[in-house]
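Below is one structure, written out as C-alpha cells; comments come after it.
The values are calculated or read from the model by the stated rules, or taken from the named source; none is laboratory data. Remember, it's a predicted structure, so these values are computed and weren't measured experimentally. In this analysis, Cβ positions are derived from the backbone assuming ideal geometry, glycine residues included, and neighbour counts consider all displayed protein chains. In case anyone asks, the SASA skips ligands and DNA or RNA and just uses the protein heavy atoms, side chains included. Shrake-Rupley method; radii C 1.70, N 1.55, O 1.52, S 1.80 Å.
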Amino acid sequence: MAFKMNRAGFHHGNGTGSFKKIEEASALKKVNRLANQSATAAARLAEKKARLEAKLADSTNEKQKARLQNRISNISNKASEKTQQSENLRSGKKRRANIEKSRTRNVGAGKLDTDKTFNESGRKIKVDRTLTNNEGDIIRGTSKTKTGKGVNKTVDKTITKSDGTKVVKKVDGERVSKPVEQKKLSFGEAFKQAKSSGKEEFTWNGKKYHTGTKDEADAKSKAEAEAAAAKAKAEADAKASNNNPLVDTNTVTPDIVRTSGGGINTTTYRPTTYGYGKF
C-alpha cells in the first residue's frame, strides 16, 4: 500500500536541505565574503599609506608634500571605514552603521573637506562641506542635517560665507523664504580668531588684513634700528683701524733681511753671519 505524505520535499521544513537553511547559509556566506573583502581592503590601504608616508619623508617639494598629506589622510580614513564595515557585517549590523567618512580634495587654489555621518541603519544623517583657500580661510561652507530614513531628505541646511556670516536655508524640512543671516563677526572677533590660530592674514567683509599688532611692529622696528646701528659702528671701527698709521698690517718690515751673501740687521745695519744666518 502506498501512502502520500503531504508537504514532504527537500524544500519544506527546517532540515539541512530546506530552502530556509539554504537561504540562511547563502546569506551568511555572502556576509562573510563581504566582511573579508572589507578587511582585505583595509589591509591594502594600510600598506599604501605606509608607502606614501615613506615618500613624504623623502620629499622636498612643498606642493608635492601637501598632496601627499591629503592622500595619506584620505587613505587613513578609508582604511578606518573598511575596518568598521567589516566589524559591522560580522556583528549583524548594516554595512555603513555608525560610519563617519572624511575626504579632502584639492580644488584650484584651495581644498574641499567633506564629512559624512551615518546612523545605526546605515543612512546619512549629516553632511558638512568646507571650501578653504591655501591660507586656511573659509571661502564657503555648507552644513546639512538629513532625516536618516526614507528618501533621506535634507531637514536643516546652513551656509557659511567667506566673511563668517551664516545663512539658514532650511529648518525642520521647510525652506526659509528669507534666509536669516546670523550675527557677523566684528573686526575684533575676526582678528582674535585669526591671531589665536596663528594666521598671518584673515579676511573680513571681503578684504584681507594682517594679524600684526602695534607693539609687535614697534618691537620689530626697534630691533631693525639696533641691528643697523651695530652694523654701522662695526664698519666705522674697521675703517678707523685701517687708517691708523701706527698699525699697518699691510707693510711689516722684518728685523733681518736675507741677502745672497748673508743677512743685514735692519736695526743695527750690520751684516750677520755669512750664508744662511739667523733670520
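Regarding Gln85, is this residue under 19 Å from Arg123 (Cα atoms), free of Cβ contacts under 8 Å to residues at least 60 places away in the same chain and assigned to a helix (DSSP H, G or I)? In short, yes. Filtering region 204-233 to residues that are in contact with a strand residue (DSSP E or B) (Cβ under 8 Å, 6 or more places away or on another chain) and surrounded by 11 or more Cβ atoms within 10 Å (Cβ to Cβ) leaves Tyr209, His210, Thr211. A count restricted to region 112-136 and to residues that are closer than 20 Å to Trp204 by Cα and crowded, with 16+ Cβ neighbours inside 10 Å stands at 3. The lone criterion from (1) under 18 Å from the mean Cα position of the chain (by Cα); (2) surrounded by 15 or more Cβ atoms within 10 Å (Cβ to Cβ); (3) outside any helix (DSSP H, G or I); (4) without any contact (Cβ under 8 Å) to a residue 24 or more places away in the chain left unmet by Leu52 is number (3). Asn106 versus (1) surrounded by 15 or more Cβ atoms within 10 Å (Cβ to Cβ); (2) touching a helix residue (DSSP H, G or I) at 6+ places or on another chain (Cβ under 7 Å): which is the lone unmet condition? Answer for Asn106: the failing condition is (1). Residues that are assigned to a loop (DSSP other than H, G, I, E, B) and charged (D, E, K, R) were ranked within region 146-166; the one that is modelled with the highest pLDDT is Lys153. Residue-level analysis places Lys29 among those that are over 27 Å from the mean Cα position of the chain (by Cα), under 26 Å from Ser80 (Cα atoms) and either at pLDDT 65 or above or open to solvent by less than 60 Å² (accessible area, probe 1.4 Å) (or both). Tell me yes or no: at least one residue of region 65-85 is out of contact with any Asp or Glu (no Cβ under 9 Å at 6 or more places or on another chain), of a type in the set (Val, Ile, Thr) and modelled with pLDDT of 90 or more. Yes, there is a match, as at least one residue in region 65-85 is out of contact with any Asp or Glu (no Cβ under 9 Å at 6 or more places or on another chain), of a type in the set (Val, Ile, Thr) and modelled with pLDDT of 90 or more. For region 112-145, the set of residues classified as part of a strand (DSSP E or B) and either in contact with a Ser or Thr (Cβ under 6 Å, 6 or more places away or on another chain) or among the acidic types (Asp, Glu) (or both) consists of Asp113, Asp115, Ile125, Lys126, Asp128, Arg129, Ile138, Ile139, Gly141, Ser143, Lys144, listed by residue number.
Filtered by the rule that a residue be of a type outside the set (Val, Ile, Thr) and either under 18 Å from Asn134 (Cβ atoms) or assigned to a strand (DSSP E or B) (or both), region 88-104 gives Glu100, Lys101, Ser102, Arg103.
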